[in-house]
1. At 0.36 nm per residue, and after removing the present C-alpha to C-alpha distance, how many nm does the segment from residue 71 to residue 284 gain when stretched out fully?
2. For residue 233 paired with residue 178, estimate the spin-label separation in nm (one decimal), with each label point 7 Å from Cα along the Cα-to-Cβ line.
3. Please give the FRET efficiency for residue 49 paired with residue 86, using the beta carbon to beta carbon distance and R0 = 30 Å, rounded to the nearest 0.05.
4. Modelling each spin label as a point 7 Å along the Cα-to-Cβ direction, I'd like the residue 131/residue 269 distance in nm, to one decimal.
5. Residue 276 versus residue 205, label points 7 Å from Cα toward the beta carbon: distance in nm?
6. Applying 1/(1 + (r/R0)^6) with R0 = 41 Å to the Cβ-Cβ distance of residue 213 and residue 171, what FRET efficiency is obtained, to the nearest 0.05?
């Protein structure tokens, strides 16, 4: 993954101030009915400190929280971030994952699939038009997001984890380009479909490899795409249910949230964990919420100068 690659940026699923934010706000509360009562398993890691509802647990570091979420047999680590907004000054979730969390997966993960597009060389015009159609959503995001994803791939390779991007065909891009006002939704469906196809291929390869059979495939992108139980209106936007079936339940979904990016608006308030997160009380440490079986939200500690 080199910065010269002509990637099409598809970073749409953070939920806030994007073309799909209304769908997120309308449906995020659906997970509230699935609140579990037990704390997340933490065998071999810090047990953390209980901090409230939704099995809220605090940890001294993001790494301890992630390892607690990933306890047990895991073949797919489905990571979704709230993308850094334009003008953000705090380190993004992507940067924090690259620096602090990705090294913990060395030797435990075979591959890292990131939510950037690598189209064939023969459809540059379609790729440019897709970028233009995505502008209403991507223009709200920090311009550094793409480079941080590429840096994540480079760091993964240095750790022995093979990085890759999503690889649409020219026909895939043509379909998004021709979707008119539905181009953003078509992009979201394409991301989920390509993520599913490529991750399943990696899982099949790992199953045939003595070296990688026990390792996990890591998928990193926006928060809409890793929902294990998406509501019907956005079921086509998530790859997680298909990979859940593929692995027989050996998938863990973790949303990564930077507290400085949270805003008290309708979109954020729709998430059932949002009202349980008191930044003044919890902001000094990493907070892990358990939304359902194998579904977590990891809120990073506040950034200090």
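Every read-out reported here was derived from the displayed coordinates using simple, explicitly stated rules and does not represent laboratory data. No experiment lies behind these values; they were computed from the predicted model shown. Don't worry about glycine lacking a Cβ; one is built from the backbone with ideal geometry, like all the others, and counts go over all protein chains shown.
1. On the way: separation 213, 0.36 × 213 = 76.68 nm, distance 2.40 nm.
Full-extension gain reported as 74.3 nm.
2. For the pair residue 233/residue 178, the computed spacing is 2.8 nm.
3. 0.30
4. It works out to 3.8 nm between the two label points.
5. Taking the simple label geometry, residue 276 and residue 205 are separated by 3.8 nm.
6. Once rounded, the FRET efficiency stands at 0.75.
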